[in-house]
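The values are calculated or read from the model by the stated rules, or taken from the named source; none is laboratory data. Small disclaimer: the values here were computed from a predicted structure and weren't measured. All Cβ positions, even for glycine, are placed from backbone atoms using ideal geometry, and neighbour counts span all protein chains on display. Quick note on the areas: whole protein, heavy atoms, side chains included, nothing else; ligands and nucleic acids left out. Shrake-Rupley method; radii C 1.70, N 1.55, O 1.52, S 1.80 Å.
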Amino acid sequence: MKQEEKECIFCKIVRGEIKSDIVYSDDNFIAFLDINPKAEGHTVIVSKKHFRNLLDMPTTLGNEMLEVVKNVSLDLIKQGKAEGFNLVVNNEPVAGQIVFHAHIHILPRKKDDGLKMLV
Ligand code: 5GP
Ligand code: ZN
């Protein structure tokens, strides 16, 4: 295993070395609740393989990742934790990336929740 994979927080979660509230898992992706949620149900979709960010992730995994994003988002809506949602992908430090392992944030939204988005 590469040193960066040994030390990576999300790789540790994938390996089960760090506990997390996992809401979904399959061969290539895992989804768990963000430890520092910006809204109830704030979830991150993470590739099981280590890639620095979305640019390094093979495009062939894109469809599958989108499918996971849709299914997890639909579950949040069904559970009443979201009426809608924003997707956020931070790539590189200048864009706010702090965990250098490819992931997409799902931010559940509710009417008048006061959350501010960039766009
Ligand atoms: P980004 O790299 O896109 O800025 O965000 C990484 C996200 O990972 C942050 O929202 C942060 O709260 C979350 N995070 C960092 N460490 C852990 C952890 O150990 N467990 C969980 N569940 N989330 C984490
Ligand atoms: Zn990693």
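Along region 109-119 the Karplus relation, 6.51 cos²θ - 1.76 cosθ + 1.60 evaluated at θ = phi - 60°, assigns HN-Hα couplings of 10, 9, 3, 6, 6, x, 5, 9, 10, 6, 10 Hz to successive residues, with x for each Gly and Pro. Remark on H103: its backbone amide H falls under 5 Å from those of L54, a criterion applied only to residues 5 or more positions apart or on other chains, H modelled at 1.01 Å from N.
Rounded to the nearest 20 debye, the dipole magnitude of the chain is 160 debye, with +1 charges on Lys and Arg beta carbons, -1 on Asp and Glu beta carbons, and the Cα centre as origin. Remark: region 19-36, residue by residue, has Karplus-estimated 3J(HN,Hα) of 6, 8, 8, 7, 10, 7, 7, 9, 4, 10, 9, 9, 10, 9, 6, 5, 5, 10 Hz, where x stands for each Gly or Pro and the curve is 6.51 cos²θ - 1.76 cosθ + 1.60 at θ = phi - 60°.
Only protein heavy atoms count here; on that basis, with a 1.4 Å probe, E64 has an accessible area of about 70 Å².
On a per residue basis, the chain carries 64 Å² of accessible surface, using protein heavy atoms and a 1.4 Å probe. Taking the Cα atoms of the chain, the ratio Rg/Rh between the radius of gyration and the Kirkwood radius comes to 0.95.
Taking the charge dipole of the chain about its Cα centre, with +1 at Lys and Arg Cβ atoms and -1 at Asp and Glu Cβ atoms, the residue from M1, F32, A82 reaching farthest to the positive side is A82. In this structure, the residue pairs whose Cα-Cα separation is over 18 Å, taken from K38/K116; K19/K78; K38/K111, are K19/K78. Across the chain, the mean sequence separation of Cα contacts (distance under 8 Å, 6 or more residues apart), normalised by length, yields a relative contact order of 27 percent.
Under a model in which nothing but the beta-carbon of Lys, Arg (+1) and Asp, Glu (-1) is charged, region 78-119 shows a dipole of about 220 debye around its Cα centre.
3J(HN,Hα) along region 50-65, derived from phi through the Karplus expression 6.51 cos²θ - 1.76 cosθ + 1.60 where θ = phi - 60°, amounts to 7, 10, 4, 6, 4, 5, 8, 6, x, 4, 4, 8, x, 4, 5, 5 Hz, with x in place of Gly and Pro. Around V23, which amide H atoms from residues at least 5 apart in sequence, or from another chain, sit under 5 Å from its own amide H, with H modelled in the peptide plane? For V23, whose amide H was placed from the backbone, the distant partners under 5 Å are A31, F32, L33.
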